[in-house]
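Worksheet: one structure, shown below.
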Amino acid sequence: MGPRALRLLRLLGLAWVLRVLRLPPTGAGPGRPTRSHSLHYLFMGAPEWDRGLSLFEALGYVDDQLFVVYNHESRRAEPRAQWISDATSSQLWLELSQSLKGWDHMFILDFWTIMDNSNHSKATKLGVLEESHTLQVMLGCEVEEDNSSSIRGFWKYGYDGQDHLEFCPETLGWRPADPRAQVTKVEWEMNKNRARQNKAYLERDCPEQLRQLLKLGRRALEQQVPPSVQVTRHMAPSTITLWCHTWNFYPPNITIKWLKNRQLLAAQESGPGDVLPSGDGTYQVWMSLAVPLGEEQSYTCQVEHPSLDQPLATSWGPSPSSALVIGVTSAIAVGIAIVFIGVLFRVSRKRQTSRTALGDYILAEHE
C-alpha cells in the first residue's frame, strides 16, 4: 500500500468520521460533566487498480488517542502509543492483533458485497476500474468513567464517504441510510449468527477490552488539563456580541453556560459551540451571545470541567492595557487642567495687582 493511497484513504475515512463521531457538545447536562471513555476502530479500504483487491487500513483509538494501526499489506498490528508499546508481549496485544486480522478478512468480504449490491463490482472483478469506490467502517463502544451499566455501542458503514448502513443491537437488524443499502440490509439480516456476534462484541467484548486498555494507559489517558477562559466583546453597527473562548483543556468533556445577573440563560439564546482539537492534544471551543449595548458586564460565561473543583466564571471587562491607557489619559487630562487653572489664577492675580497699583498711582497724583 503506497503512501499516496494511504493518505487518500485516511482523508476520505476521517472526513466521514468527523460527521459520524462528533466530540461532546458544550452545555449538555446539569452539574459537573461526567467523563466517559471510548474505544473505537476505523476501517478504511479501496480497490487496488492493478489487482482488483482491496486496500485496507485499521486505526484504533482509546478516547481520542491513536494506539494501534494495521494494514492489509503487512498484516501486522503496530503500536502507536508508549503505554501499549510496553505491553506488546501481553495476552491483550495478542488478542488485539488476531481480531484485527479477522476484521481485515471481514472488511474485504463486506466491501465486495456492498459493491456488488450497488452494481459497482463487475468492472473491478475484471481488473478494469472505471471508477473508484471506498468503504469506511466505524465500530466501538463508550462506557461511563464510574464503570456503570451505561454502555453505548456503535457499528456503522460508510460507502464513498456517505452514510450507508448502521447496526441496531436492540433489534439485531440494520438501518439503511442509502437506498442502495437496502439489498445488503436484507442479505445481512438473514444471517442471525452474525447479528448475535455483533451484539456480543458491542455489549460485552468491546467494553471489557476498553477496561483492560484503560488499566494499561490510565496515567496518559486520564490526565486532566484545566481550561483557560476569556470573554471578549465585538461591536457591530446594530449588535453587541460577547464571545467566550475556552481553550487548552483536556479531556474534551466540558459544559459552558451563559448567565445574566447570576441567572442561567436559555440555551437557544446563545450560539452553540463545537469542541475542536487545538493540535497540541488539548481542545478549545467558542460560544457567542448577543447582548444589549451597555449591559455587557451583566453577563458571565460559566465553565465546568472535570479538572475543576468549582465552576469557573468569567465576565467581560476592559483589558488591563486598555485600562492603563484610560488611566494615563485621565491623569494627563487632569494634570493639564490643573496647570491651566494655575496659569489662569496667576494671570488673574497679576492683573488684580496691576490694577491696584495703578489705582494707587493715580490717586497719589491727585493729592
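The values are calculated or read from the model by the stated rules, or taken from the named source; none is laboratory data. Here the structure is a predicted model, which is why all the values come from computation and not from measurement. Glycine also receives a Cβ, built like all others from the backbone with ideal geometry; neighbour counts cover every protein chain displayed.
Are any of the residues in the range 220-231 at negative phi and out of contact with any strand residue (DSSP E or B) (no Cβ under 7 Å at 6 or more places or on another chain)?
Yes, because at least one residue in the range 220-231 is at negative phi and out of contact with any strand residue (DSSP E or B) (no Cβ under 7 Å at 6 or more places or on another chain).
If a residue has to be farther than 21 Å from Asp280 by Cβ and of a type in the set (Val, Ile, Thr) to count, how many in the range 203-251 make the cut?
Residues that pass the stated criteria total 5.
Can you tell me which of His245, His234 is exposed (fewer than 14 other Cβ atoms within 10 Å of the Cβ), at pLDDT 90 or above and part of a strand (DSSP E or B)?
His234
How many residues does the range 156-183 hold that are out of contact with any Cys (no Cβ under 9 Å at 6 or more places or on another chain), part of a strand (DSSP E or B) and not basic (Lys, Arg)?
The total comes to 12.
Would you point out which residue out of Gly327, Gly342, Gly281 is at pLDDT below 65 and over 30 Å from Met235 (Cα atoms)?
Residue meeting the stated conditions: Gly342.
With the structure loaded, tell me whether Glu208 is part of a loop (DSSP other than H, G, I, E, B), farther than 30 Å from His133 by Cα and free of Cβ contacts under 8 Å to residues at least 40 places away in the same chain or whether it fails that test.
So Glu208 does not fit the description; no.
Within the range 250-259, identify whether any single residue is without any contact (Cβ under 8 Å) to a residue 12 or more places away in the chain and either assigned to a loop (DSSP other than H, G, I, E, B) or surrounded by fewer than 18 Cβ atoms within 10 Å (Cβ to Cβ) (or both), and answer yes or no.
no
Name the single residue, out of those in the range 260-278 being over 17 Å from Thr246 (Cα atoms) and surrounded by 13 or more Cβ atoms within 10 Å (Cβ to Cβ), that is modelled with the highest pLDDT.
Per the criteria, the residue is Lys260.
Under 9 Å between Cβ atoms, at least 6 apart or on separate chains: pull out the pairs that start in the range 169-198 with a residue that is under 15 Å from Leu139 (Cβ atoms) and end on any residue that is aliphatic (A, V, I, L, M) and part of a strand (DSSP E or B).
Hits for this filter: Trp174/Leu165; Arg175/Leu165; Trp188/Leu165; Asn198/Leu139.
Mind listing whichever residues of the range 89-116 are more than 23 Å from Tyr159 (Cα to Cα) and surrounded by 15 or more Cβ atoms within 10 Å (Cβ to Cβ)?
Leu92, Trp93, Leu96, Ser97
Out of Val137, Val143, report the one residue that is closer than 30 Å to Trp83 by Cβ, surrounded by 20 or more Cβ atoms within 10 Å (Cβ to Cβ) and at pLDDT below 95.
So the residue among Val137, Val143 that is closer than 30 Å to Trp83 by Cβ, surrounded by 20 or more Cβ atoms within 10 Å (Cβ to Cβ) and at pLDDT below 95 is Val143.
Residue-wise test of (1) in contact with a Ser or Thr (Cβ under 7 Å, 6 or more places away or on another chain); (2) among the small types (Gly, Ala, Ser).
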{"position": "Asn191", "(1), (2)": "no, no"}
{"position": "Ala195", "(1), (2)": "no, yes"}
{"position": "Cys206", "(1), (2)": "no, no"}
{"position": "Gly217", "(1), (2)": "no, yes"}
{"position": "Met235", "(1), (2)": "no, no"}
{"position": "Trp243", "(1), (2)": "yes, no"}
{"position": "Pro251", "(1), (2)": "no, no"}
{"position": "Lys260", "(1), (2)": "yes, no"}
